[in-house]
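Below: the structure, in structure tokens.
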Amino acid sequence: MMTRSPQGRTNRLTRPSIAVAAAVAVTAGVVAAAPDAKTAEPTPKLSLIAASTSVTLDSWKEDPGVYLDLGTYLTSENGAFELKVTRKSYKAPVVATQVFRNGKKTTTKALPAGLVKDFSGLPDFAQIKLTDAAGKTVLSQTEAFCPNNASGRVRPDAPANSKYPQSCPVNPFTLGSVWGVENGWASNTYAGYYSKPVQLAAGTYTAKINVTKKYRDLFGIANQTRTVKVTVRERSWEEPPPVPAGSRSAASAHEGHEGHGKAAAPSAASGHGAHAAHGAPARTEAPAARTTGAGSTFNVGHGPYPPAPAALPWALKKESLQRQSFSAAKAGDRAGQTDGSRQAPGVKPNAKRPTGKATVPDVPKPDLRSLPAYGITVSDGYEEVPGKDYLAFSANVWNAGPAKLVVDGFRSPGKELMDAYQYFYDANGKQVGYTPTGTMEWDPRPGHEHWHFTDFASYRLLKADQKESVRSGKEAFCLANTDAVDYTVKNANWHPDNTDLSTACGQENSISVREVLDVGSGDTYTQDLPGQSFDITGLPNGTYYIQVLANPENRLKETNHNNNSALRKVVLGGKKGARTVKVPAHHLVDAN
């Protein structure tokens, strides 16, 4: 039975807070008008802009540090700025290609070898220099840029929605990604949790931001330094937030949202939800963060990385914000909500259980594959099982397509288990078949409280010969599109719906549930508690392999059953109560 990590346990896999920061204005005049079609250049025109001439940043006494969201954006005009980032295998380096689209015609240009090392963005893209009131330089650094960062339109005739994903993945075993700034849109250059907060005393500073020369030359970006006045203020969670003149207090506004006399539950990401109730200030968090890449959510137990924000409307008019008291939206998953800014409606199952003869038609089917385990550590048994040693890890099963995996669960009145069915669709999206595929079971434990699909994956600890299993666990869990593993495969969905458990897994009184693993996405689960991690207390030191096995009973119909297993080598050492683990690189992926 799969469990998810309790919120309080962060000794191995930390979860920095998510954030939804105030939307800032792209003021009139900073973005050039759309070029005339007759004189348009064949490539997108990129520009660095500053949404405002000044920003105010908070440094919290309880957790000092300033997140340098300076309100600078990269705009793309005369076409979208698009990059395709791939690797052929874990033995091959990551390569990036720029994609140009002109109607039905598509051309590409290979970017320099070694430009990108992973899938988290363009490294050393923005150069930031801060000087204090006396003109002394107090900070000079570069930051990476994910084109999929929080973004928005910069002109009213731009496309209403961006076709690009909402974040850049950082799962070490990502295989392919697509980055882009939509035509007429702007993407925040702030690196978020890719970079660490900086220590700045309260006061005023001047920030100068520019794109580094190698990217200006590569993409034809003008050498334009943007200057932003920065005010750093020191705040405490215990003090009331500043209230703009002419507006009602943030406390009274917050009380209306948090309920009357009922404390808010702590968010899964920040753990500070209790501070937000009864008029206490909502902490202003960083507006971008590391992400598994599939969407703006963090599911406890479903991966060690916190998310980037959804594509927020950053180009809102500034004066509209000045007319209201702003406090950051609360982070965390709750019914229908992911990061406090975006709705993620749950997919709906068929109204009735299927009738007629079960058939498996000759139509496209999913291809389930496993990624090698990562996030591998040794832990003790906590207070639940003292005196034990456990091998904890993260595992991901993903769908390489070309069809999404759709499983419906139906419960007869009074029955505890749901009957599960896999559905099949033709090229037009019409359901053309179904087949029984096991069961779903309700998990009532705190932190779960959703329906688990059985027989989806299993995890085994193998001896050095990779054959004999010394530890195994048959797992069941809810499916959610937590990781963007490869958005370059055929039919990959760059905007999967069910990215959080609260919308994907139903409630105790649900009569039916639909769980979906979309093409290109995977579901990461973190096995770090007794009962799901491997008990290694009595195992001798030496070499072992963690096996992640998708569809272990072959109950799910897929295009290929021969690529469902992935192995990750580990070397156990140490003594009882102080066991150690070394994780060698997996070909070119030297990350754990």
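Details
- For region 515-581, convex hull volume per residue from C-alpha positions, Å³: 139
- A cut-off of 5 Å between modelled amide H atoms, ignoring neighbours fewer than 5 places along the same chain, links Ala457 with Glu475, Asn551.
- Region 122-203: C-alpha gyration tensor shape, a/c 1.5 cut-off, then a/b vs b/c: oblate
- Close amide-amide hydrogen proximity is noted between Thr437 and Ala420, Tyr421, Gln422, each under 5 Å apart and 5 or more residues distant or on a separate chain (H modeled in the peptide plane; Pro and chain starts excluded).
- Length gained when the stretch Gln199-Thr227 is fully extended (0.36 nm per residue, less Cα-Cα span): 8.1 nm
- Under the combined filter of DSSP loop state and at most 16 neighbouring Cβ atoms within 10 Å, region 519-587 retains none of its chymotrypsin sites (Phe, Trp or Tyr not before Pro).
- Full-extension gain in nm, Ser565 to Lys91, via 0.36 nm per residue minus C-alpha separation: 168.9 nm
- Legend: calculated FRET efficiency, Gln141 to Asp590, from the Cβ-Cβ distance at R0 = 22 Å, rounded to 0.05, equals 0.35.
- Of the accessible area of region 131-222, computed with a 1.4 Å probe over protein heavy atoms only, carbon and sulfur atoms account for 52 percent.
- Of all lysines in the structure, those lying under 29 Å Cα to Cα from Lys582, and not within fewer than 8 positions of it along the same chain, are Lys88, Lys91, Lys117, Lys196, Lys388, Lys463, Lys467, Lys474, Lys569.
- Estimated vicinal HN-Hα couplings, Hz - region 538-551 in sequence order (Karplus 6.51, -1.76, 1.60; Gly, Pro = x): x, 7, x, 5, x, 8, 9, 9, 8, 9, 9, 10, 7, 6
The values are calculated or read from the model by the stated rules, or taken from the named source; none is laboratory data. Please read these numbers as outputs of a predicted model, since none were measured by experiment. Glycine gets a Cβ as well: all are built from the backbone with ideal geometry, and neighbour counts include every protein chain shown. Side chains included, ligands, DNA and RNA excluded: accessible areas come from the protein's heavy atoms. Shrake-Rupley method; radii C 1.70, N 1.55, O 1.52, S 1.80 Å.
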